[in-house]
Structures are given as structure tokens and as C-alpha cells.
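All remarks here apply to the structure that follows.
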Amino acid sequence: MTNQHIAKMPPYALAEFSVPSGVVMTSLAQNESLRAPSPLAIKAGQAALVSSAAYPDPDYHILRTSISNAYGVDPDLILCGAGSMELITCITHAFAGPKARVLTSEYGYALFKNSAMKVAAPCDLAREVSQAVSTSALLQAVTSETRLCFLANPGNPTGTALSNNEIREFRTRLPEHVLLIVDEAYGEFAQAHEQPLFDLVDHGNTVILRTFSKAYGLAAGRIGWGLFPPATREQVQKLIIPSSICTVSAAMAEAAVQDQIYMQETCKMTAQVRDEFIREVRSFNLTCDDSHTNFVLIRFSNNEMSNAADAALRQQGLVTRGMGGYGLGHCLRVTVAAREVMTTAAEVLEKWSREYLR
Ligand SMILES: Cc1ncc(COP(=O)(O)O)c(C=O)c1O
């Protein structure tokens with residue numbers, strides 16, 4: 001017999017890639033990078049292939065040292081996992097359960113809720129204000145049973161961000177018994193303007209998560225990392241599947257994190273193409289917020305309009321992500337891809353809006 005709480009769980013929803021037959025599909029649905037990883041990472045991955053007969057170093061010593069050098073953090077506090085997805089899942093497994101509740105915001109990243117379901121932990125959602133996290137709503141939703149608070153900053157799917165000072169203030173007001181997990185999957189896109197939050201980890205009840213999937217262009221490699229207080233790290237490590245990052249991926253990440261210039265260029269290119277796309281979309285009267293990430297959330301007047309725009313884009317092979325699963329059925333999330341792809345997407349939307357809104 002399947003465990004009851006698993007039997008009741010819906011499968012984790014991923015993008016739906018159907019396009020008309022004969023049309024070449026381009027994904028704008030999974031917030032992947034607009035360019036390939038650093039050439040140094042590709043070279044390192046190729047070189048690592050010859051070591052494939054051996055299991056990877058389970059402690060990822062070289063990778064942790066490389067991350068530590070690039071981000072100025074203590075390598076002993078770093079825990080690596082097969083994407084930040086593995087880390088989120090293991091954190092929940094370690095600390096949440098039927099009487100240890102999970103708290104996140106209304107439009108918080110879907111995996112937070114999904115991970116809570118896996119351990120039969122109730123997941124409370126604090127309302128957002130104008131599709132941005134409200135720390136006061138989160139604080140109001142805390143109970144004596146709240147054990148984990150997940151906050152993606154910037155947020156997915158909203159793309160909105162709190163300032164790091166707001167997060168610091170939030171941490172001081174959050175009760176000590178709540179472990180705060182700040183998921184900075186898109187942190188590199190926002191970091192040029194901010195003092196990082198890594199020092200919060202020293203206070204013992206905050207975890208900061210990062211990933212190689214976005215700004216480093218290594219989504220296929222499945223490499224995430226987090227900075228953990230020692231006691232938290234010790235428990236979560238027990239739940240990570242041993243050697244879950246393969247040697248080739250680890251080698252690619254080691255080289256990628258040493259090539260900060262390439263990563264920063266990727267972020268700059270992304271921001272330029274993203275902001276051009278936002279300007280174009282607004283110029284034909286569609287609504288979207290400024291984004292701090294590698295995606296743009298377009299808000300239509302209603303679900304019907306969003307579905308019609310989705311269909312028009314799919315006709316041209318462009319697959320974006322419908323947001324019905326988040327209760328945002330009137331929105332489409334569009335990953336920022338190469339400039340020529342985004343120009344085509346904007347042209348399709350312009351033509352569609354002229355016809356649809358006529
Ligand atoms: C907020 C957030 N956290 C985590 C992830 C998962 O990242 P990874 O590829 O490292 O598992 C994503 C992926 O889209 C994300 O948007």
C-alpha cells in the first residue's frame with residue numbers, strides 16, 4: 001500500500017512542450033540560461049569523462065573550495081546537492097512533518113509545497129501584496145508549530161525581490177524556532193546591487209541556497225549548493241543521496257565558478273535582453289513587473305487571454321509556462337532566451353494582441 005499522503009499528492013507539474021506537428025519547438029518555459037556554460041566548464045567536463053569508472057568524491061571537496069573562493073564563504077558550511085531541488089527536499093525531510101509546519105508565500109516556488117507534501121507537513125501560505133512577498137504576512141502566519149520558512153528571493157514565478165535589508169529585518173523578527181531558508185536560485189542576477197546575505201548563516205537558523213542551473217548555464221548538470229549552520233548541515237547531509245552529483249557535473253561547476261567574468265557577462269546579457277523585451281511588451285499595452293531574474297511574468301486581463309497568447313506563441317513553436325498551478329492562470333512566465341528568439345516572441349505577442357484586442 002502506498003503511504004496515504006503520497007497517494008493523495010499530485011505529481012510535480014513540469015512544463016508542457018506540445019507544439020503543432022512540423023513546428024520546431026523552442027523552450028521559454030524552464031528559466032534556463034540564454035547561453036551555454038563557460039568554455040572552461042565544457043573543457044573541464046570533457047576532461048572529467050575519463051574518470052567515469054570511479055564514484056565521485058562524496059564530499060565534493062574541490063567544488064566546495066572553488067565555491068568558497070568565489071563567494072568568500074566557509075567551505076565547511078557548504079553542502080552540495082543534485083540541484084537546489086535535492087537540498088530543498090532534504091531540508092524538508094529533516095525538519096518538517098505532520099506537526100512541524102512549513103511556511104512560504106502565496107506564490108512561492110512550487111517545490112516548497114511539494115516537498116512539504118512528501119513528509120505530510122502542512123504548508124501555510126502567506127498572502128502576497130502585488131505579487132511580491134510580504135514579510136508582515138509571513139510573520140502573521142507563523143505559529144508555534146512552524147518549523148521551516150522558505151523564501152525564494154528573487155521569487156519564482158513572480159520575479160519580484162525583497163532587498164537584503166528587508167530579509168535581515170525579517171530574520172530578526174522571525175522566532176528563533178523557525179529555520180529560514182532563503183532560496184537565491186536567481187541571486188547572481190540580482191547580486192551586483194546587493195551586499196550578500198551569507199553572514200546570516202552564522203546566527204544558526206538561516207540557510208542560503210544557490211544553484212549552477214541559472215546564471216552558470218548548467219541546468220542539465222544538476223548542481224546546487226547551500227550555506228548551512230553546522231548542526232543543520234550535519235542533519236541534511238544524512239539525507240542527500242551519496243554522490244548525487246556526477247563527476248562530470250562537479251568538474252564543470254568547479255571550472256564555471258572560477259570563471260566569474262563569464263557568469264557576470266551572462267547576467268548582463270540576460271538583463272539587457274530581458275529589459276528590452278519588457279519595454280516592447282509594455283509598448284503594446286501588456287502588463288509585466290520589472291524582473292530581477294532571467295524570466296518575465298506577463299499579466300493578462302484574464303485566463304482566457306493568457307491561454308490565447310500561449311496558443312499563438314505555440315503556433316510559432318515558442319513554449320512559455322502557464323501559471324494556473326500557482327493560481328495565476330492569467331499570467332505567462334517567459335524565460336529570457338537569445339535576443340533573436342525574444343524579438344520573435346515580442347513580434348508574435350504584438351500581432352496577437354492587435355488581433356485579439358481589436
Ligand atoms: C526558486 C527556485 N529554486 C530552485 C530551483 C531549482 O533549481 P535546481 O536546478 O538547482 O534544482 C528553481 C528552478 O527553477 C527555482 O526557480
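The values are calculated or read from the model by the stated rules, or taken from the named source; none is laboratory data. Bear in mind that the values here come from a model prediction, so they are computed numbers and not experimental data. Every residue, glycine as well, gets a Cβ built from its backbone with ideal geometry; the counts of neighbours run over all protein chains shown. Heads up: the accessible areas ignore ligands, DNA and RNA and are worked out on the full protein's heavy atoms, side chains in. Shrake-Rupley method; radii C 1.70, N 1.55, O 1.52, S 1.80 Å.
The table below lists the values:
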item	result
For the chain, built as a Gaussian network whose Cα springs stay under 10 Å, the top-fluctuating residue of Asp76, Asp199, Asp183	Asp199
With every protein chain in place, the chain: carbon and sulfur % of accessible area (1.4 Å)	53
Spatially proximal lysines relative to Lys238 (Cα-Cα < 18 Å; intrachain offsets below 8 disregarded)	Lys118
Relative contact order [Cα under 8 Å, 6+ residues apart], the range 128-244, whole percent	20
Whether the range 1-62 is rounded, prolate or oblate, judged on the alpha carbon gyration tensor where a/c under 1.5 counts as rounded	oblate
Relative contact order of the range 247-358, defined on C-alpha pairs under 8 angstrom at six or more residues apart (%)	24
Square roots of five times the Cα gyration tensor eigenvalues for the range 192-261, Å	22, 19, 8
Residues of the range 55-81 with amide N under 16 Å of a point placed 7 Å along Cα→Cβ from Ala220	none
10 Å binning of all Cα-Cα separations within the chain, expressed as whole percents from 0 upward	5, 24, 32, 26, 11, 1, 0
Structure-based [θ]222 nm, the chain - -39500 (n - 2.57) summed over DSSP H runs of at least 4, per residue, nearest 500	-12000 deg cm²/dmol
Other-chain or far-sequence residues with amide H under 5 Å of Cys288's (modelled H)	Arg299
Whole-number percent relative contact order across the chain, with pairs defined as alpha carbons under 8 Å at least 6 apart	25
Simple spin-label estimate for Gln315 and Asn285 in nanometres, 7 Å along Cα-Cβ	2.0
Charged-residue dipole, Cβ positions (Lys, Arg, Asp, Glu), the chain about Cα centre, Debye nearest 20	720
Accessible solvent surface per residue of the chain, calculated while the other protein chains remain in place, 1.4 angstrom probe, Å²	45
Under Karplus coefficients 6.51, -1.76 and 1.60, residue-wise ³J(HN,Hα) of the range 196-209 in Hz, glycine/proline x	x, 9, 3, 5, 4, 4, 4, 7, x, 9, 9, 10, 10, 10
Ordering of 268-278, 302-312, 167-177 by packing [mean C-beta count within 10 Å, highest first]	268-278, 302-312, 167-177
Those aspartates and glutamates that a straight Cα-Cα span of less than 20 Å connects to Lys43, excepting residues fewer than 8 apart in one chain	Asp57, Glu254, Asp259, Glu265
Fraction of antiparallel bridges per DSSP, the range 39-258 only, in percent to nearest 5	40
Charge context of Phe277, other residues only, Cβ under 14 angstrom, K/R +1, D/E -1	-3
